[in-house]
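As C-alpha cells, the structure follows; a few thoughts come after it.
The values are calculated or read from the model by the stated rules, or taken from the named source; none is laboratory data. Because the structure is predicted, anything quoted here is derived from the model rather than measured. Cβ placement follows ideal geometry from the backbone for every residue including glycine, while neighbour counts extend to all protein chains displayed. We work out accessible area using only protein heavy atoms, side chains counted, and drop any ligands, DNA or RNA first. Shrake-Rupley method; radii C 1.70, N 1.55, O 1.52, S 1.80 Å.
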Amino acid sequence: LRLAEAARDLVPAGAGLLVVGQRTVALLAEGGITPRFTADLPATPADIPALASRITDAIVTLTAAHPGPIATLSGRDEPGLPIALHPIWPPAGSDRPPREIVPPLTTLPAPDLARLLLMELLFAAIARALSEGLRVENLARIEAMARAEAHIKDRRLAVEQRQRQARQEAMTTELIELAAGRRS
C-alpha cells in the first residue's frame, strides 16, 4: 500500500513505470496507473538474475519513449521510514568529464563495448534493487509472523486463564453442593 501511494506521489505522470510485486500492481490499477512492465517479486535470491535480465531488456526497449533517468522505489527496513526514489541511471559519476587515459586493448569496437558495459551496469543496479526489495519484503514478513506469534501466545494465555477460572468455579460449585448436601 505504501509503495503504491509513494508511486502515485513521487513518479511523474506518463513515466515508464516498471513494477515488481502484484499487490502494488493491483493497487496502482485501482488508482488508474498502468505500468509498462510488471512481474512478481522473486521468491528466492536465485530468481533475481533472470528477473533483472527481463527488466533490463524492458528498460532498453522503452528507452526511446522513456530515456531516463531511472530510479527505484522500494520499502525501507524499519516501519515508518519514508519511501524515496533512489537513482540508478545514469550511473553515479557519469557527469564528470572524461579523463585522458590510454585506451585498453579490446576485441569489440568502442561503441559496442561501451553499450554492453552500460547494459551490464544497468543489470547490476537492477539486480541490487531487486535484492534489496526481496530483503525488505522478507523482513516485513518476519515481523508480521512475529506479531502473529505474539498474538497467538496472548490468546493462548487468555484461553488458559479462562479455563483455570472455569475449573475453579466448577470446583467451588461442587464444593458448595457437597457442603449443602451434608447439611440436609
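Within the stretch 137-172, restricting attention to residues that are over 30 Å from Ala43 (Cβ atoms) and of a type in the set (Val, Ile, Thr), which residue is farthest from the chain's Cα centre (by Cα)?
First pass over the stretch 137-172, keeping only residues over 30 Å from Ala43 (Cβ atoms): 154-172.
Then drop every residue that is not of a type in the set (Val, Ile, Thr), which leaves 159, 172.
Values: Val159: 36, Thr172: 55 Å.
Selected residue: Thr172.
Inspect all residues belonging to the stretch 95-109 and state whether any of them is within 21 Å of Glu132 (Cβ to Cβ) and either at pLDDT below 75 or surrounded by 10 or more Cβ atoms within 10 Å (Cβ to Cβ) (or both). Spell out how you get there, then give the answer.
Our first condition is that a residue be within 21 Å of Glu132 (Cβ to Cβ); within the stretch 95-109, this holds for none.
No, the conditions are met nowhere in the stretch 95-109.
Taking the stretch 6-20 on its own, how many of its residues are free of Cβ contacts under 8 Å to residues at least 40 places away in the same chain and either assigned to a loop (DSSP other than H, G, I, E, B) or not hydrophobic (A, V, I, L, M, F, W, C) (or both)?
Restricting attention to the stretch 6-20, the residues satisfying the condition of being free of Cβ contacts under 8 Å to residues at least 40 places away in the same chain are 8-9, 12-14, 17, 19.
Now restrict to residues that are either assigned to a loop (DSSP other than H, G, I, E, B) or not hydrophobic (A, V, I, L, M, F, W, C) (or both): 8-9, 12-14, 17.
Total satisfying the criteria: 6.
Quick one: in the stretch 8-21, which of the residues that are open to solvent by less than 70 Å² (accessible area, probe 1.4 Å) and touching a strand residue (DSSP E or B) at 6+ places or on another chain (Cβ under 6 Å) is farthest from His66 (Cα to Cα)?
So in the stretch 8-21, the residues open to solvent by less than 70 Å² (accessible area, probe 1.4 Å) come out as 11, 14-21.
This time we only want the ones that are touching a strand residue (DSSP E or B) at 6+ places or on another chain (Cβ under 6 Å), so: 18-20.
Details: Leu18: 11, Val19: 15, Val20: 18 Å.
Once the filter is applied, the top-ranked residue is Val20.
Taking Ala43, is it assigned to a helix (DSSP H, G or I), more than 16 Å from Ile88 (Cβ to Cβ) and either at pLDDT 75 or above or of a type in the set (S, T, N, Q) (or both)? Reasoning before the result, please.
Working: assigned to a helix (DSSP H, G or I): no; more than 16 Å from Ile88 (Cβ to Cβ): yes; either at pLDDT 75 or above or of a type in the set (S, T, N, Q) (or both): yes.
It is false that Ala43 is assigned to a helix (DSSP H, G or I), more than 16 Å from Ile88 (Cβ to Cβ) and either at pLDDT 75 or above or of a type in the set (S, T, N, Q) (or both).
Which of (1) within 17 Å of Thr72 (Cα to Cα); (2) without any contact (Cβ under 8 Å) to a residue 24 or more places away in the chain is the odd one out, the single condition Ala46 does not satisfy?
Ala46 satisfies all of (1) within 17 Å of Thr72 (Cα to Cα); (2) without any contact (Cβ under 8 Å) to a residue 24 or more places away in the chain except (1).
I need the full set of residues from the stretch 22-49 which are within 16 Å of the chain's Cα centre (by Cα), of a type outside the set (A, V, I, L, M, F, W, C) and surrounded by fewer than 19 Cβ atoms within 10 Å (Cβ to Cβ), in order please.
Passing the criteria: Gln22, Arg23, Thr38, Asp40, Thr44, Pro45, Asp47.
Across the stretch 1-31, which residue is nearest to Leu134 (Cα to Cα) among those that are of a type in the set (Gly, Ala, Ser) and modelled with pLDDT of 80 or more? Steps first, answer last, please.
Residues of the stretch 1-31 of a type in the set (Gly, Ala, Ser): 4, 6-7, 13-16, 21, 26, 29, 31.
Narrowing the set further to residues that are modelled with pLDDT of 80 or more leaves 21, 26, 29.
Numbers: Gly21: 10, Ala26: 19, Ala29: 22 Å.
Among them, the one singled out is Gly21.
Of the residues Leu122, Leu113, Leu134, only one is open to solvent by less than 60 Å² (accessible area, probe 1.4 Å) and over 29 Å from the mean Cα position of the chain (by Cα); which?
On the way: Leu122 fails: over 29 Å from the mean Cα position of the chain (by Cα); Leu134 fails: over 29 Å from the mean Cα position of the chain (by Cα).
Answer to the selection: Leu113.
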